[in-house]
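To start, the structure itself, in structure tokens.
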Amino acid sequence: ADLLREAMWTGQIFPIITSSYNGKTESSGDVQVHSAVPNVKDRDVLIIDDILDTGSTLTYLGAAFQDLGCKSCAAVTLFSKKVPDEQLRQEYLEEYIPGPIISGPRVEEFIVGYGMDVEGLYRASSSVYAWRTGKDGYIH
């Protein structure tokens, strides 16, 4: 919502709820879609995601939108997770998302807050935190 308030957005918005972490701190690679995918035939599509990790969510949605006949497809993410072979991930993404892919800062930790959660916790926080539990059990 903050992004859309700041942007001069004139298009329609279709939230698509997906998950691939399933309560863990690493992606399973298995993307689950929990909402309807809109009709995007002959439309420009911009996928907005919280974090680019394995690329599974973006490639899954990019392929789905291509199959549905979108005119173009691009993506933007708030963060990007550092992975061992970033070049391979980029080549894989470009196969399914032919438009630009813009990612925010690279992070190494699992992060929560601002829409990102672990086991449903911390999603509503207005800040972003590294998920590291201390001896006291709180995130630091």
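Below, the figures for the structure above:
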read-out: Criterion: of a type in the set (Gly, Ala, Ser), over 19 Å from Asp30 (Cα atoms), surrounded by 13 or more Cβ atoms within 10 Å (Cβ to Cβ) and in contact with a helix residue (DSSP H, G or I) (Cβ under 9 Å, 6 or more places away or on another chain) - qualifying residue of Ala130, Ala75, Ala63; value: Ala75
read-out: Candidates Ile17, Ile47, Ile13, Ile51 - the one that is within 11 Å of the chain's Cα centre (by Cα) and more than 25 Å from Glu86 (Cα to Cα); value: Ile17
read-out: Odd one out for Ile51 among (1) assigned to a helix (DSSP H, G or I); (2) among the aliphatic types (A, V, I, L, M); (3) in contact with a Ser or Thr (Cβ under 9 Å, 6 or more places away or on another chain); value: (1)
read-out: Check on Phe14, farther than 24 Å from Tyr129 by Cβ, at pLDDT 90 or above, among the aromatic types (Phe, Trp, Tyr) and surrounded by 11 or more Cβ atoms within 10 Å (Cβ to Cβ); value: no
read-out: Considering residues of the range 106-126 that are aliphatic (A, V, I, L, M) and open to solvent by 80 Å² or more (accessible area, probe 1.4 Å) only, the residue modelled with the lowest pLDDT; value: Leu121
read-out: Verdict on Leu88 being touching a residue at least 40 places away in the same chain (Cβ under 8 Å) and surrounded by 11 or more Cβ atoms within 10 Å (Cβ to Cβ); value: no
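The values are calculated or read from the model by the stated rules, or taken from the named source; none is laboratory data. Treat the numbers as computed from the prediction; the structure is a model and nothing was measured. For neighbour counting, all protein chains shown are included, and Cβ atoms are generated from backbone atoms with ideal geometry for every residue, glycine included. These area figures cover heavy atoms from the full protein model, side chains too; ligands, DNA and RNA do not enter into them. Shrake-Rupley method; radii C 1.70, N 1.55, O 1.52, S 1.80 Å.
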